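Heads up, the thing below is written out as structure tokens.
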Amino acid sequence: MLMASEEAGPSQAIAPLQVLYCAVCSFPPEYCEFGSHLTRCKEWLQKEHPDLYDKYYSEEALQAKMSMLSVEAQSKLEKDTAKKEAKAEAKAEANMKKKMASQVTIKRIERNKRKFVTAIHGLEAFDVDLKKAAKLFAQKFATGASVTKNPQGLEEIVVQGDVSGEIVEMIEEGVGLLKNVPKDNIIEVEEKKKKGDA
């Protein structure tokens with residue numbers, strides 16, 4: 001019995017299908033209308049791929065689409081699209097406000113005499129992957145760094161040693177993963193060891 005590949009003769013590589021994805025909504029352009037950024041998607045498509053823009057959004061293409069819809073369906077579609085876009089813009093604006101109000105706390109904590117650790121909290125608000133940032137700090141300062149939960153139950157990065165000043169500089173210079181963290185949102189705190197602590 002012959003295998004399927006033997007029946008076909010010499011094996012021929014099938015070229016993979018190249019799919020174009022919208023830079024705004026990440027859908028293929030023919031599905032942008034189902035996303036929440038249609039206006040921006042159309043602007044991008046017109047600028048980057050005018051031939052596809054004409055295929056999907058030229059007057060003839062729109063007329064052909066609209067001829068299949070009733071008048072009520074057309075107006076409903078237009079209202080729904082406008083509502084979706086407004087909602088997406090409001091959400092993006094709220095996220096940006098929340099992000100700009102977030103603060104990154106860099107705390108220098110005294111452990112024993114002349115021994116310190118540096119705790120960094122709040123980076124996740126600026127889309128920083130905490131595990132990758134901990135690895136970056138560990139490599140930069142040749143020391144231990146890990147992601148742990150603080151007493152409030154929130155994740156923070158703890159770096160062995162007194163490196164708070166250097167971390168502030170890294171954020172100000174926008175090093176690697178830290179490029180999106182605004183320097184105005186940094187707070188430096190020093191936590192001294194209480195005398196009664198062991």
Inset, instruction - List every residue whose amide H lies under 5 Å from the amide H of VAL163, counting only residues 5 or more places away in sequence or on a different chain, with H placed 1.01 Å from N in the peptide plane. - result: THR118
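Once you order the gyration tensor axes a ≥ b ≥ c over the Cα atoms, which shape class does region 109-151 get: rounded for a/c under 1.5, otherwise prolate or oblate by comparing a/b with b/c? Mind showing how you got there, number by number?
Details: a/c = 2.69, a/b = 1.44, b/c = 1.86.
Judged from the Cα gyration tensor, region 109-151 comes out oblate (a/c at least 1.5, b/c at or above a/b).
Just how large is the dipole of region 119-169 about the Cα centre, in debye to the nearest 20, putting +1 at every Lys and Arg Cβ and -1 at every Asp and Glu Cβ?
Details: 5 positive and 8 negative charges, 45 e Å.
Its charge dipole is roughly 220 debye.
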Legend entry - region 119-164, accessible surface, carbon-and-sulfur percent (1.4 angstrom probe): 50 percent
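The values are calculated or read from the model by the stated rules, or taken from the named source; none is laboratory data. None of the values given here were measured: they were computed from a predicted structure. Cβ atoms come from the backbone with ideal geometry, glycine included; neighbour counts cover every protein chain shown. These area figures cover heavy atoms from the full protein model, side chains too; ligands, DNA and RNA do not enter into them. Shrake-Rupley method; radii C 1.70, N 1.55, O 1.52, S 1.80 Å.
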